[in-house]
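Take a look at the structure below.
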Amino acid sequence: MRWRRAIVGGLTGIPLVMLFAWGMGRDPKDIPSPLPGQPAPDFTLPVFTNGLGGASQDSVRLTDWLGDPIVLNVWASWCLACRDEHPVLLEVGRREAGTDVHFVGLLYNDTPDAGRAWIKKMGGQSYPSVLDPSGRTAIAYGVYGVPETYFIGRDGRVAYKHTGPVTEPVLTAWIARLRAQAVPARADVPRGRRP
């Protein structure tokens, strides 16, 4: 009778051990996204801060920048990991100001006042940040949490989604890749679905 329990226990335990082993070999930050290779979801969102020395604008329309590389960073004032990446985004955004690369921040699940106070405390921001009052844009991009950064190519497609704090090597490498893309004719740029 004891040997039957041992066999049943062993047969039950083997799949569990295999499941744990599979799970331990995976990166918990690696959340697959269906977006890379797909047209970037289009948006027109109100700007709540224009950034340091940025041109004053009321809204950001993704379609206005199609044909140029775009870096979309999703952040929040309550996000501790966003503090880690902010100096990098600030510096690289400053270096790229006035070039063909467009940076935009998307405030996620937060208030404009908290966002502005956080930006001031963190030393500013070198690009505009927009509000997503309905959350539809975040849903269209499949935002799982913050921070997340989306790299959108000249062809209007999401080239890469980075989950977690973005680093300078990641930013500069992806900007270089996006810049290397051929500039498509305007008619060849796919229109992303509207959130």
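The values are calculated or read from the model by the stated rules, or taken from the named source; none is laboratory data. Computed from a predicted model, the values in this text were never measured in an experiment. No Cβ is skipped: glycine too gets one built from the backbone with ideal geometry, and neighbour counts run over all protein chains shown.
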**Request:** Could you tell me whether the range 144-152 includes any residue that is at pLDDT below 95 and farther than 18 Å from ALA180 by Cα?
**Result:** yes
**Prompt:** Only one residue in ALA182, ALA176 is small (Gly, Ala, Ser), modelled with pLDDT of 95 or more and either over 17 Å from ASP42 (Cβ atoms) or not in a helix (DSSP H, G or I) (or both). Which one?
**Reply:** ALA176
**Message:** Being part of a strand (DSSP E or B), within 21 Å of GLY164 (Cβ to Cβ) and not small (Gly, Ala, Ser) is the filter here; which residues of the range 95-122 pass it?
**Reply:** PHE103, VAL104, LEU106, LEU107
**Prompt:** Which pairs do you get when a residue that is without any contact (Cβ under 8 Å) to a residue 40 or more places away in the chain, found in the range 150-164, comes within reach of a residue that is in a strand (DSSP E or B) and surrounded by fewer than 21 Cβ atoms within 10 Å (Cβ to Cβ), reach meaning Cβ atoms under 9 angstrom, with the pair 6+ apart or on two chains?
**Reply:** ASP155/PRO39
**Request:** Would you check if there is a residue in the range 43-63 being crowded, with 20+ Cβ neighbours inside 10 Å and at positive phi?
**Result:** yes
**Request:** Pick out the one residue from LEU35, LEU106, LEU66 that is crowded, with 19+ Cβ neighbours inside 10 Å, at pLDDT 95 or above and either more than 25 Å from ILE139 (Cβ to Cβ) or of a type in the set (A, V, I, L, M) (or both).
**Result:** LEU106
**Fill in**
Of (1) closer than 18 Å to PRO87 by Cβ; (2) in contact with a strand residue (DSSP E or B) (Cβ under 7 Å, 6 or more places away or on another chain); (3) modelled with pLDDT under 95, GLY124 satisfies every one except (2)
**Message:** Quick test for you: out of ALA97, ALA114, ALA40, pick the one residue that is of a type outside the set (D, E, K, R) and either surrounded by 18 or more Cβ atoms within 10 Å (Cβ to Cβ) or in contact with a Phe, Trp or Tyr (Cβ under 7 Å, 6 or more places away or on another chain) (or both).
**Reply:** ALA40
**All positions within the range 78-94 that are in a loop (DSSP other than H, G, I, E, B) and surrounded by 20 or more Cβ atoms within 10 Å (Cβ to Cβ)** = CYS79
**Item:** Single unsatisfied condition, GLY93 versus (1) in contact with a Ser or Thr (Cβ under 9 Å, 6 or more places away or on another chain); (2) at pLDDT below 65
**Value:** (2)
